[in-house]
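Colleague: The structure is given below, and queries will be raised subsequently.
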Amino acid sequence: MTEANLALQVHALSIHYNNADQAAVQSVSFHLEQGEIACLLGPSGCGKTTLLRAIAGFLPPTEGEIKINGQMASQPRKVTSPEKRNVGVVFQDYALFPHLTVRKNIEFGLHKWDAAERRARADQLLELIGLQPLADRFPHELSGGQQQRVALARALAPKPTLILLDEPFSNLDVELKERLTFEVREILKAERMSAILVTHDQHEAFAMADRIGVMDAGQLLQWGSSYSLYHQPTSRMVADFIGQGVFLPGERTTRGIKIELGEIETNDPALPMSGQFDVLIRPDDIIHDDASAQQARVVRKSFRGADFLYTLALDSGAHVLALVPSHHNHAIGEPIGIKLALDHVITFGR
Ligand code: ADP
């Protein structure tokens with residue numbers, strides 16, 4: 001990988017608002033390859049929007065730097081203005097021009113193009129977003145989802161290096177949101193566009209992103225694929241925030257690691273040799289098996305169509321989660337047989 005393949009490089013970036021004691025973004029580093037879609041994920045107030053605004057050029061860094069397409073774009077006292085960064089932004093409220101038609105909205109950033117090219121580019125995007133028949137409508141004559149697609153097409157039109165999307169689906173209902181996340185991903189991929197999306201919704205992040213950055217209190221805790229964040233979280237916060245799971249106290253044995261559910265044989269050198277630690281147990285690490293001698297009591301159940309997510313109490317009172325096919329319909333309070341099926345042990349010190 002050379003710098004030329006990178007749409008974005010963020011290096012040791014810190015951002016401090018004038019009136020705040022603490023940095024809103026603290027020494028964050030990551031990069032994005034061309035054509036990659038990334039998602040900044042984390043609880044409200046963790047610094048996602050601040051980071052996105054800095055990448056867009058609206059906020060100067062206190063420390064660190066941002067390069068876009070290999071070019072220096074932000075340093076503490078030297079920030080290239082937003083319109084010169086070659087970055088498109090899709091705002092939460094879409095910010096379409098109400099007095100311009102769909103076509104004119106899309107053509108807005110192309111005033112320097114010649115008329116035939118501008119028209120051809122708008123036609124291409126109208127087709128991509130599936131709104132050719134509505135090209136002459138005004139924004140107020142469109143649904144929320146259609147407005148969202150027009151906002152995306154307008155940002156894509158000038159072929160920027162990078163598109164930034166700030167909570168783009170937060171104003172939409174759940175069903176539409178789910179469909180649009182896939183549509184927006186397909187549109188971005190069709191244009192081979194690099195993009196960064198901000199969200200606090202992990203399902204949205206999983207559906208959209210090639211890479212996810214989990215943030216907490218201004219720090220970027222982990223940057224990776226959704227698979228690696230789920231299966232190899234490097235901190236308790238990421239383990240907790242991504243997917244579901246519980247932590248059970250573990251202890252070292254000569255053959256591996258022992259938890260209340262049994263002994264796991266492993267010689268993974270990364271695991272602690274001694275001391276107090278917890279083991280991460282995901283719902284898919286526990287299998288329901290009527291024949292198993294190990295029993296747990298159903299405390300809570302949530303029907304999810306194909307399966308139930310059971311919350312189960314072990315003898316010690318500790319709770320674990322288990323995903324069980326929904327034809328195994330057990331009542332609350334009932335004991336059921338379970339088996340541990342954990343093949344990759346993740347531990348966190350206490
Ligand atoms: P998120 O997008 O993850 O919800 P933000 O980036 O908006 O988080 O905020 C990060 C931190 O910076 C929060 O503590 C927030 O209160 C603070 N903050 C955001 N905007 C401003 C501002 N304009 N002035 C001062 N502090 C701000």
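Colleague: Using DSSP to call loops (not H, G, I, E or B), can you name the trypsin sites (Lys or Arg not before Pro) in region 270-317 whose Cβ has at most 15 other Cβ atoms within 10 angstrom?
Modeller: Values: sites: Arg297, Arg300, Lys301, Arg304; in loops: Arg304.
Passing sites in region 270-317 are Arg304.
Colleague: Give me the one-decimal Kirkwood hydrodynamic radius in Å for region 116-188, with the sum taken over alpha-carbon pairs.
Modeller: On the way: mean 1/r = 0.0774 Å⁻¹.
This gives a value of 12.9 Å.
Colleague: Ignoring ligands, DNA and RNA, what percent of the accessible area of the chain is carbon or sulfur (1.4 Å)?
Modeller: On the way: 8360 of 17190 Å².
After summing per-atom areas, the C and S share lands at 49 percent.
Colleague: Find the accessible area per residue for region 244-349; the probe is 1.4 Å, ligands and nucleic acids are left out, and the unit is Å².
Modeller: Working: 5560 Å² over 106 residues.
Roughly 52 Å² per residue, with all protein chains present.
Colleague: Taking the Cβ of Leu156 as the centre, find all other residues whose Cβ is under 11 Å away and add up their charges (Lys, Arg: +1; Asp, Glu: -1).
Modeller: That works out to +4.
Colleague: Cα convex hull of the chain: how many Å³ per residue?
Modeller: Working: hull volume 62.2 nm³, N = 350.
It is 178 Å³ per residue.
Colleague: Taking 0.36 nm per intervening residue step and subtracting the Cα-Cα distance, what contour gain separates Glu83 from His319 on full extension? Don't skip to the end; give the middle numbers.
Modeller: Details: separation 236, 0.36 × 236 = 84.96 nm, distance 5.27 nm.
Full-extension gain reported as 79.7 nm.
Colleague: When the helix-only estimate is applied to the chain (DSSP H runs of n ≥ 4, each -39,500 (n - 2.57), divided by the residue count), what is the mean residue ellipticity at 222 nm, nearest 500 deg cm²/dmol? Intermediate results must be reported in sequence, preceding the final value.
Modeller: Values: 8 runs with 78 residues, N = 350.
So the calculated ellipticity at 222 nm is -6500 deg cm²/dmol.
Colleague: Determine the dipole magnitude for the chain: charges of +1 sit on the beta-carbon of Lys and Arg, -1 on that of Asp and Glu, nothing else is charged, the reference point is the Cα centre, and the result goes in debye to the nearest 20.
Modeller: In total the dipole reaches around 1040 debye.
Colleague: Something else about it: What is the magnitude of the charge dipole of region 1-109 about its Cα centre, with +1 placed on the Cβ of each Lys and Arg, -1 on the Cβ of each Asp and Glu, and no other charges, expressed in debye to the nearest 20?
Modeller: On the way: 9 positive and 9 negative charges, 60 e Å.
Dipole of region 1-109, to the nearest 20 debye: 280 debye.
Colleague: If you don't mind, another one. To the nearest 0.05, what FRET efficiency results for Ala12 and Arg236 with a Förster distance of 30 Å applied to their C-beta separation? Don't skip to the end; give the middle numbers.
Modeller: Values: r = 24 Å, r/R0 = 0.81.
Calculated transfer efficiency: 0.80.
Colleague: I'd like the distance between the alpha-carbon centres of region 236-287 and region 23-92, rounded to an integer number of Å.
Modeller: The two parts, judged by their Cα centres, are 36 Å apart.
Colleague: Evaluate the distance, in nm, between pseudo-label points positioned 7 Å from the Cα of Asp343 and of Gln276 along their respective Cα→Cβ axes.
Modeller: Each label point lies 7 Å from its Cα, and together they span 3.3 nm.
Colleague: In addition: What is the sum of charges, Lys and Arg at +1 and Asp and Glu at -1, for the other residues whose Cβ falls under 12 Å from the Cβ of Asn171?
Modeller: Details: positive: Lys177; negative: Asp93, Asp166, Glu167, Asp173.
Net of charged neighbours comes to -3.
Colleague: Quick one: grab the alpha carbon gyration tensor of region 1-95, order the square roots of its eigenvalues as a ≥ b ≥ c, and give me rounded if a/c is under 1.5, else prolate or oblate depending on whether a/b is larger than b/c.
Modeller: Working: a/c = 1.43, a/b = 1.26, b/c = 1.13.
Rounded is the answer for region 1-95, as its axis ratio a/c remains below 1.5.
Colleague: Here's another thing I want to ask about it. Place a label point 7 angstrom from the Cα of Phe58 along the Cα-to-Cβ direction, then list the residues of region 161-181 whose backbone nitrogen is under 12 Å away.
Modeller: Answer for region 161-181: 164-167.
Colleague: Please compute the modelled spin-label separation between Thr266 and Arg179, points set 7 Å along Cα→Cβ, answer in nm with one decimal.
Modeller: Result: 4.3 nm between the two label points.
Colleague: Still on this model: Just to make sure I understand: if all protein chains stay in place, what is the order of Asp136, Asp240, Asp216, Asp315 by accessible area at 1.4 Å, largest first? Don't jump to the answer; show the numbers that get you there.
Modeller: Details: Asp136 120, Asp240 95, Asp216 50, Asp315 150 Å².
Largest to smallest exposure gives the sequence Asp315, Asp136, Asp240, Asp216.
Colleague: Using a 1.4 Å probe on the protein heavy atoms only, what accessible surface does Trp113 show? Give it in Å² to the nearest 10.
Modeller: 70 Å²
Colleague: Want the number for Arg137 to Gln294: 0.36 nm per residue separation, take away the alpha-carbon distance, what's left?
Modeller: Working: separation 157, 0.36 × 157 = 56.52 nm, distance 6.38 nm.
Between Arg137 and Gln294, full extension yields an extra 50.1 nm.
Colleague: Still on this structure: When a/c reaches 1.5 or more, the comparison of a/b and b/c decides; with that in mind, is region 244-349 rounded, prolate or oblate per its Cα gyration tensor?
Modeller: On the way: a/c = 2.18, a/b = 2.07, b/c = 1.05.
The shape class here is prolate.
Colleague: Also: With a 1.4 Å probe and all protein chains left in place, how much accessible area per residue does region 49-156 have, in Å²? Don't jump to the answer; show the numbers that get you there.
Modeller: On the way: 5520 Å² over 108 residues.
Dividing the accessible area of region 49-156 by its residue count gives 51 Å².
Colleague: Let me ask something else about it. Leu128: net charge of surrounding residues, Cβ under 14 Å, Lys/Arg +1, Asp/Glu -1, itself excluded? Before the final figure, lay out each step's value.
Modeller: Details: positive: Arg103, Arg121, Arg149, Arg154, Lys159, Arg185, Lys189, Arg192; negative: Asp123, Glu127, Glu183, Glu186, Glu191.
Local net charge: +3.
The values are calculated or read from the model by the stated rules, or taken from the named source; none is laboratory data. Values in this document were obtained by computation on a predicted structure and should not be read as measured data. All Cβ positions, glycine included, derive from the backbone under ideal geometry; neighbour counts span all protein chains shown. For accessibility, only protein heavy atoms count, side chains too; no ligands or nucleic acids. Shrake-Rupley method; radii C 1.70, N 1.55, O 1.52, S 1.80 Å.
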